[in-house]
Amino acid sequence: MKIQRDLDETKIILHKTIDSVLQRGERLDSLVEKSSDLSVASQ
């Protein structure tokens, strides 16, 4: 059925989007940590 196929495709896209958001969050956390380390080191 077309509806089921569309739902399956939407689920795949959502999973990829969620994975991307989580990876971006990890990179942001890493940047915040590095920035904090630089701030401490500069004092």
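Couple of notes before you dig in:
- Residue within region 8-24 that is loosely packed, with under 10 Cβ neighbours inside 10 Å, assigned to a helix (DSSP H, G or I) and among the polar types (S, T, N, Q) present: no
- Among residues of region 30-43 that are on the phi > 0 side of the Ramachandran plot and at pLDDT below 95, none has a Cβ under 7 angstrom from a residue that is surrounded by 10 or more Cβ atoms within 10 Å (Cβ to Cβ) and of a type in the set (Phe, Trp, Tyr) at a sequence gap of 6+ or on a separate chain.
The values are calculated or read from the model by the stated rules, or taken from the named source; none is laboratory data. Predicted, not measured: the structure shown is a model, and the values here were computed from it. When we count neighbours, we look across all protein chains shown, and the Cβ atoms used for this are built from the backbone with ideal geometry, even at glycine.
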